[in-house]
Amino acid sequence: ETGVTQTPRHLVMGMTNKKSLKCEQHLGHNAMYWYKQSAKKPLELMFVYNFKEQTENNSVPSRFSPECPNSSHLFLHLHTLQPEDSALYLCASSQESGGRSSYNEQFFGPGTRLTVL
Amino acid sequence: AQKITQTQPGMFVQEKEAVTLDCTYDTSDPSYGLFWYKQPSSGEMIFLIYQGSYDQQNATEGRYSLNFQKARKSANLVISASQLGDSAMYFCAMREGDNFNKFYFGSGTKLNVKP
């Protein structure tokens, strides 16, 4: 496997279900991200992990719970979601060296298309 | 205020012609980076080109070039010799300052290349 992988690619769940999204990066990066992409809206940064430590939580509802067991894996645990949570969830990674803003582009996975019924 | 503005929801271009996708940004930080990503219908975001705020020259990467006008706070993407495979959503993004948590995306432009 190369780059950033995400599983599953598609997920349909009811509002009472509990499910998890998985992301794995094979790039040796030290930062990982979860984004939400809804129709006709800009990408929304949800969570950021740097060296396995969560550094950002952009006012995301508690029904989304991230987990980063190591620098290569990132999970998004889902429970009691709402229909408006239906979206494409993208995972990304980057190599952060600190200092002045530089050429640290984020590499994205293919996303998980989530539908909440 | 929006950090990244893309005013063209959709664009059409004839195959083999050049097209410019607009992007303006808003920041008071002197240090920032600007990115363009392509998102085909498959969903994956593909990095295209980067421009740093301190870079003196406009970035180029194959058929992609970035028209960076710092005073106007614009970072337009120019695609030369359009190909059918260029049909996709295009997103402009900005990383603000040294904080990699501050990564903002625009709403995107859907480009359709006509044969």
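Every read-out reported here was derived from the displayed coordinates using simple, explicitly stated rules and does not represent laboratory data. Treat the numbers as computed from the prediction; the structure is a model and nothing was measured. A quick note on method: Cβ atoms are made from the backbone with ideal geometry, for glycine too, and the neighbour counts reach across all protein chains shown.
The table below gives the values:
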item: Built amide H within the under 5 Å cut-off of B:S87, gap 5+; result: B:V113
item: Residues with amide H under 5 Å from that of A:M46, placed H, sequence gap 5 or more; result: A:W34, A:Y35, A:K36
item: Which of A:L90, B:G97, A:Q37, positive extreme of dipole for the protein assembly as shown (C-beta unit charges); result: A:Q37
item: Within the range B:1-61: Cβ-based charge dipole about Cα centre, in debye rounded to nearest 20 (Lys, Arg +1; Asp, Glu -1); result: 80
item: In Hz, Karplus ³J(HN,Hα) per residue of the range A:109-117 (6.51, -1.76, 1.60; θ = phi - 60°; x = Gly, Pro); result: x, x, x, 10, 8, 9, 10, 10, 8
item: Cβ-based net charge around B:S80, under 14 Å, with every Lys or Arg adding one and every Asp or Glu removing one; result: -2
item: Environment charge of B:D26, counting only residues whose C-beta is closer than 10 Å and scoring Lys/Arg +1, Asp/Glu -1; result: +1
item: Cα gyration tensor of the range B:57-115 - equivalent ellipsoid semi-axes, whole Å, descending; result: 24, 15, 10
item: Cα Rg over Rh - chain B, Kirkwood; result: 0.96
item: Phi-based couplings in Hz for the range A:75-85 (Karplus 6.51, -1.76, 1.60; Gly and Pro marked x); result: 10, 10, 8, 10, 8, 6, 6, 10, x, 6, 7
item: Under the Karplus curve 6.51 cos²θ - 1.76 cosθ + 1.60, θ = phi - 60°, whole-Hz ³J(HN,Hα) for the range B:46-52, x wherever Gly or Pro sits; result: 10, 5, 10, 7, 10, 9, x
item: Taking N as its residue count, the alpha carbon Rg of the protein assembly as shown over 2.2 N^0.38 Å; result: 1.01
item: Square roots of five times the Cα gyration tensor eigenvalues for chain A, Å; result: 24, 14, 13
